[in-house]
Amino acid sequence: MKLKSYLSFIAALICGAPYANGATVGVTIRDPYYFTPTNIVIRPMDRVVWTNLGSRAHDVTSSSSPRLWTSPNLTVGATYGFTFTNVGYYPYFCLQHRIVGPRQTGTVTVVNISLASVTKTDTNTQFEVRGGRQGLRAVVEAGGALGTVTPIATNIFPASGTLRFTNNAPPVTSRFYRARVIP
């Protein structure tokens, strides 16, 4: 029985590992001057695709110096995509609308979290959620199968980027844990 429980946890760890073909995350550009969602959290190798649903041209420009990316002017309905390969914090803005009205800004945070330091007893399960960024929230989910996990805790990452999680429910033979990071 302990082997089955251990394998269940390992399966959750594998699902949290970096992967070669990342997900695609959509952000829309809208008027007057905003991105939605404004702040997103993704994993390495995920691609962000911005779609201009506003009534005028916009762009998407990295705030870093030198610029990590600068899209062309996106006419209504046009898209621009960028694949993030490195963990980090990436603020961006619309270069065309950096002065008029409210600043049109957004952020992409790339994290590579993992679950580690697993300890199981008869009364609880403990582990660490590693790789977060201070201020972001980790949602820990658990369930009897990966497709049926539900949130059981939400915590804010400290400066160290590591959270210690304790599930005081008695361990079950088939328990999957997963952690998601949200802004």
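Values quoted throughout were computed directly from the atomic coordinates according to the rules given, and no laboratory measurement underlies them. Since the model is a prediction, treat every value here as computed from it, not as a measurement. Note that we place each Cβ from the backbone using ideal geometry, even for glycine, and neighbour counts take in every protein chain shown.
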Practice task
Putting +1 on Lys and Arg Cβ atoms and -1 on Asp and Glu Cβ atoms, find which of Ala169, Val118, Leu136 reaches farthest to the positive end of the dipole of segment 113-182.
Solution key: Leu136
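List Ile40, Ile29, Ile113 from most exposed to least, where exposure is judged by having the fewest other Cβ atoms within 10 Å. Could the numbers behind the result be given before it?
Numbers: Ile40 19, Ile29 28, Ile113 25.
In increasing order of surrounding Cβ atoms, one gets Ile40, Ile113, Ile29.
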Practice task
Give, as a single signed number, the net charge of other residues whose beta carbon lies under 14 Å from the beta carbon of Val87, with Lys and Arg counted +1 and Asp and Glu -1.
Solution key: +2
Exercise for the section: Assign unit charges at the C-beta atoms only (+1 for Lys and Arg, -1 for Asp and Glu), then state the dipole size of segment 113-182 relative to its Cα centre in Debye, rounded to the nearest 20. Expected result: 180 debye
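Taking the Cβ-Cβ separation of Ala145 and Val118 as r and a Förster radius of 25 Å, what is the calculated FRET efficiency to the nearest 0.05? If you can, show how the numbers build up before the last one.
Working: r = 19 Å, r/R0 = 0.75.
The calculated FRET efficiency here is 0.85.
Counting only other residues whose beta carbon sits under 10 Å from that of Gly143, what net charge do I get with K and R as +1, D and E as -1?
Counting the neighbours of Gly143, the net charge comes to +1.
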